[in-house]
Amino acid sequence: MRAFSNIKKLEMSHEGFGSKIGAIAAAAGSAVGLGNIWRFPYVTGENGGAAFLLVYIAFTLIIALPVLMSEFAIGRTTGKPVTDAFRSLAPKGKWYLIGFSGVVCAFVILSFYNVVAGWTLYYTYLSITGALNNLSPAEVTQTFNNTLSDPATCIIWMLVMMGMTGYVVARGVSEGIEKYSKILMPILLVLIILICVRSLSLDTENKGIKFLLSPDFSKLTPRALVEALGQAFFSLSLGMGTMTTYGAYISKKQNLAKCATSVAIIDFMVAFLAGLMIFPCAFAFGVNPGSGPGLVFETLPNVFNQMPMGQVMAIGFFTLLVVAAVTSSISILEVLASYFMTKLNIGRKRATVFSILLSIGFGIGCSVFPTMLDFFDNLSANILLPLGAFFIILFVPLKVGPERMRNEMEAHGGKFTLFPCYYFLAKYIVPWAILFIFISKILPWLGINAF
Ligand code: PHE
């Protein structure tokens with residue numbers, strides 16, 4: 001029995017990405033998702049636009065990128081899934097709880113994420129049937145509201161999404177996750193650029209561009225700072241062990257710093273393009289850019305209705321939104337599946353099914369109560385992920401140390417000349433920045449007006 005369980009563990013620890021492009025595509029596939037195309041525009045819209053964008057860029061570079069590098073390195077140096085990775089680096093103490101909270105967070109995100117992904121799948125179906133053709137902007141908004149108030153539709157499409165995600169994860173790391181990411185990510189990029197160009201051409205008064213590019217710093221409230229940080233973590237899939245798990249699959253030949261930087265650049269580019277795609281047409285069709293989670297679903301169908309071959313574009317766009325969601329959703333499911341594979345000593349397929357079944361309950365809750373979806377969205381991005389990232393980054397100086405970190409980051413992949421800079425940020429800036437931003441959010445809740 002023991003020998004058998006060791007074989008299972010060995011099987012899992014031998015899984016990995018086959019190439020550099022594959023590793024970047026998979027990690028970028030995790031990062032680029034609904035967070036970029038659905039979440040980024042509405043959070044940016046709600047927080048005033050350009051000033052928020054600048055803070056978001058700064059946080060991505062100074063706070064999120066060091067966390068991403070650390071997660072990759074912790075995963076690769078141990079070659080283990082979340083809880084075991086932290087436990088094997090710090091056998092004493094409660095550090096393994098970082099991995100455990102990652103697993104809990106994965107449940108929370110997976111359940112609401114697949115509901116939104118289900119909407120994108122439903123919209124793909126609506127585009128194929130032509131149901132979105134020739135609708136007025138008011139009818140487009142009405143269609144979205146009808147979707148939200150129909151739990152059965154939301155549940156069915158959420159289940160289909162979970163099934164597709166499960167199919168890829170069950171196929172394994174290189175045959176599932178890597179293979180599909182490599183095919184789908186480039187197509188997504190091309191489509192976003194095409195739609196961006198069309199959307200920009202509708203913005204005759206450049207209102208959308210101004211909204212995204214001319215900052216008004218008076219709109220930067222402490223809430224906006226927390227949201228920017230939360231968005232940076234959510235978008236780069238940080239703070240819950242996704243990138244730690246993927247780090248374990250990256251070959252020792254890869255330079256982790258380069259890999260992380262490429263992922264952050266791709267992720268930012270897609271979010272920025274999504275902004276360029278959505279704000280111009282939001283202004284062109286009189287949709288409030290801060291109109292919340294419905295923004296993408298209420299603006300883009302109008303653009304497609306104005307385009308030659310609009311229906312084809314709509315099918316392409318929503319299909320690729322589905323694809324972006326699937327590549328992210330598989331990375332969340334992978335955290336759960338790899339955890340249950342080692343904890344319960346079961347094979348990949350069973351662990352995948354088990355994880356999906358556990359998260360379906362929450363998914364149904366989010367389909368029936370949109371407020372629960374909003375709550376989970378906020379809870380994960382603004383509280384769970386930043387807290388997870390805080391402990392992960394504390395772990396680096398306290399339990400891993402500069403030498404081991406440097407060795408891992410460089411491994412066989414060449415020098416990381418900015419290592420001192422990374423380590424300085426990781427040790428002295430990132431934890432305090434997260435804490436400061438967090439406290440600035442919590443104080444007003446407690447009735448203290450410090451800012
Ligand atoms: N980064 C993904 C997105 O932008 C969401 C995600 C969050 C994935 C956390 C994994 C972990 O859509």
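The table below gives the values:
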{"quantity": "Asp216, Asp84, ranked by accessible area, largest first (probe 1.4 Å)", "calculated": "Asp216, Asp84"}
{"quantity": "Accessible-area order (highest first, 1.4 angstrom probe) of the listed residues Arg171, Arg39, Arg198", "calculated": "Arg171, Arg198, Arg39"}
{"quantity": "Size of charge dipole - the chain - debye, nearest 20, with Cβ of Lys, Arg +1 and Asp, Glu -1, no other charges", "calculated": "1680"}
{"quantity": "Ratio of the Cα radius of gyration of the range 41-129 to 2.2 N^0.38 Å, where N counts its residues", "calculated": "1.52"}
{"quantity": "Potential lengthening between Ala90 and Ile383 on full extension [0.36 nm per residue; Cα-Cα distance subtracted]", "calculated": "103.0 nm"}
{"quantity": "Quarter of Cα convex hull surface for the range 101-177, i.e. mean projection, nm²", "calculated": "6.7"}
{"quantity": "Potential lengthening between Lys210 and Gln306 on full extension [0.36 nm per residue; Cα-Cα distance subtracted]", "calculated": "32.3 nm"}
{"quantity": "Charge-dipole axis of the chain as Lys and Arg at +1 and Asp and Glu at -1 on Cβ define it, positive-most pick from Leu34, Gly316, Leu435", "calculated": "Leu435"}
{"quantity": "Leu425, Leu212, Leu97, reordered so the largest accessible area comes first (probe 1.4 Å)", "calculated": "Leu97, Leu425, Leu212"}
{"quantity": "Relative compactness, the range 19-175, computed as alpha-carbon Rg over 2.2 N^0.38 Å", "calculated": "1.30"}
{"quantity": "Residue-level accessible surface for Thr371, protein heavy atoms, 1.4 Å, Å²", "calculated": "110"}
{"quantity": "Per-selection Rg to Rh, the chain - Cα, Kirkwood hydrodynamic radius", "calculated": "0.96"}
{"quantity": "Net charge dipole size for the range 253-391 [Lys, Arg +1 and Asp, Glu -1 on Cβ; Debye, nearest 20]", "calculated": "660"}
{"quantity": "Cut-off under 5 Å, modelled amide H: who pairs with Gly347 long-range", "calculated": "none"}
{"quantity": "Cα centroid separation, the range 257-278 to the range 132-153 (Å)", "calculated": "30"}
{"quantity": "Kirkwood hydrodynamic radius over Cα pairs of the range 297-412, then Stokes diffusion coefficient at 37 °C and 0.692 mPa s, in µm²/s", "calculated": "179"}
{"quantity": "Under the span-like rule (Cα at least 27 Å along the axis, Kyte-Doolittle mean at least -1.0), DSSP H helices of the chain", "calculated": "96-129, 151-171, 179-202, 256-284, 310-344, 348-368"}
{"quantity": "Tyr422 accessible area, 1.4 Å probe, all protein chains in place, Å² to nearest 10", "calculated": "10"}
{"quantity": "Unit charges at the beta carbon, dipole of the chain: most positive-side option, Ser359, Phe72, His412", "calculated": "His412"}
{"quantity": "Burial ranking of peptide ranges 174-180, 314-320, 30-36 (average Cβ count within 10 Å, highest at the top)", "calculated": "30-36, 314-320, 174-180"}
{"quantity": "Accessible surface of Trp432 - all protein chains present, 1.4 Å probe, nearest 10 Å²", "calculated": "140"}
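The values are calculated or read from the model by the stated rules, or taken from the named source; none is laboratory data. Computed from a predicted structure; not experimentally measured. In this analysis, Cβ positions are derived from the backbone assuming ideal geometry, glycine residues included, and neighbour counts consider all displayed protein chains. Keep in mind that these areas ignore ligands, DNA and RNA; they rest on the heavy atoms of the full protein, side chains included. Shrake-Rupley method; radii C 1.70, N 1.55, O 1.52, S 1.80 Å.
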